[in-house]
Amino acid sequence: MPMNIYILQTAQKILTGGQLDRKEISELIKESAAHPHDLLYWANQIRLHNFGNKVKLCSIVPGRLGGCSQDCAFCAQSSRYKTHIADAGYTGDDDIIAAAEKACKNKVPNFGIVYSGKTISEQELQRLEKLAAVIRSKLPVKLCCGLGIISKQQAHRLKAAGFARYNHNLETSRRFFPQIVSTHSYSERVETIKAAVQAGLGVCAGGIFGLGESDEDRIDMALELRQLGADTVPMNFLHPIPGTPLGDRKPPEPAEILRIIAMYRFILPKAHLKIAGGRVLNLRDMQSWIFYAGATSLMVGDYLTTAGRKIEDDMQMLKDLNLEPILTNEQSSESNRAVK
């Protein structure tokens, strides 16, 4: 079967520095329905063009887990639902430092501390400032954090403390968001990302797929992320948690996940696409295909409320694919912001 001309021409536009508008993206999705392997092939070419065979690795540890007052319909940490996560619990300083040491030992240079809840208190922020100083004095890691909705002042303090990157996901489109979360607004999430950018923090912002959103919602979120300048985009895929409103929802199939990744590679050609939550459950034996679909980053180790797989297995997968994990926290391509 001959190569689909529209997908080929669209890819060539990206490879020569162009970017797609909404109409072109919608047509790309339409054409790829009958030619999914063409979409994956060219997504891989875009990946190779911008990143070569380099893969960015990161791991996270919860600073606070559970007990969240918010009502995100997919989340096990909400206190509104009866899940396997108990009341809010804190990870001790020594345990967080030990997790950072483990990341270094496993040659994972990007390490994030994540708090449940809408935001953090002054006391919690002061704790993180001190922790960052200790970790940075001992270990060559790039520190990241995700602390919910923060102000411009808090973002500047995190930057001054030595955090390099802030994680705050949009989760989905502005239109679909109210069907997933009602206890805070989409605009609050957007303003948090803007505060991080203004403070000079790298932005790790993405979402979760398989919530019941449409392709148009997925396009909306990608375009919003492009406008905000997210240079790392976490892509999570629903892992249904019993007790949550989406606990009975069927998660996306592997082929659908690969199509979403490839679509995002076309829309965000210079942003790292980080495959995170739901990878093991939903992709099963097709996990290695994420790179052929355009992924360039991987969350390794356990996630916040679900288990990952052994880091040795992920490292072996990269080796078998002739992919090279970035073993330093310095990378030139990270300075290349997503095209706005």
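The values are calculated or read from the model by the stated rules, or taken from the named source; none is laboratory data. Quantities reported herein were computed from a predicted structural model and do not represent experimental measurements. A quick note on method: Cβ atoms are made from the backbone with ideal geometry, for glycine too, and the neighbour counts reach across all protein chains shown.
Odds and ends about this structure:
- Restricting the first member to the range 69-80 and to residues that are without any contact (Cβ under 8 Å) to a residue 40 or more places away in the chain, and the second to residues that are surrounded by fewer than 22 Cβ atoms within 10 Å (Cβ to Cβ) and in a loop (DSSP other than H, G, I, E, B), the beta-carbon pairs closer than 7 Å and six or more apart or on different chains are Ser79/Gly67; Ser79/Ser69; Arg80/Asp71.
- Looking only at the range 238-270, residues that are over 17 Å from Ser214 (Cα atoms) and out of contact with any helix residue (DSSP H, G or I) (no Cβ under 8 Å at 6 or more places or on another chain) come to 8 in all.
- Residue count for the range 52-99 satisfying the condition of being in a loop (DSSP other than H, G, I, E, B), at pLDDT 90 or above and of a type in the set (Val, Ile, Thr): 1.
Here is a yes/no grid of residues against (1) buried (at least 21 other Cβ atoms within 10 Å of the Cβ); (2) in contact with a Cys (Cβ under 9 Å, 6 or more places away or on another chain); (3) under 21 Å from Ala43 (Cα atoms); (4) small (Gly, Ala, Ser):
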position	(1), (2), (3), (4)
Asn236	yes, no, yes, no
Pro242	no, no, no, no
Ala255	no, no, yes, yes
Ala262	yes, no, yes, yes
Leu268	yes, no, yes, no
Lys274	yes, yes, yes, no
Val280	no, no, no, no
Met286	no, no, yes, no
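- Within the range 110-131, the set of residues being among the hydroxyl-bearing types (Ser, Thr, Tyr) and either in a helix (DSSP H, G or I) or touching a residue at least 24 places away in the same chain (Cβ under 8 Å) (or both) comprises Tyr115, Ser116, Thr119.
- Residues satisfying the stated conditions in the range 46-70, i.e. touching a Phe, Trp or Tyr at 6+ places or on another chain (Cβ under 8 Å) and of a type in the set (Lys, Arg): Arg47, Arg64
- Those residues of the range 264-283 which are outside any loop (DSSP other than H, G, I, E, B) and either at pLDDT below 95 or over 11 Å from the mean Cα position of the chain (by Cα) (or both), in sequence order: Tyr264, Arg265, Phe266, Ile267, Arg279, Val280, Leu281, Asn282, Leu283
- One residue stands out in the range 156-215 among those that are part of a loop (DSSP other than H, G, I, E, B), within 19 Å of the chain's Cα centre (by Cα) and of a type in the set (D, E, K, R): the one that is surrounded by the fewest Cβ atoms within 10 Å (Cβ to Cβ), namely Arg174.
- Residue in the range 26-44 that is touching a Lys or Arg at 6+ places or on another chain (Cβ under 9 Å), of a type outside the set (S, T, N, Q), under 12 Å from Lys270 (Cα atoms) and at pLDDT 95 or above present: yes
- The conditions of being over 26 Å from Asn282 (Cα atoms) and at pLDDT 95 or above are not met by Ile180.
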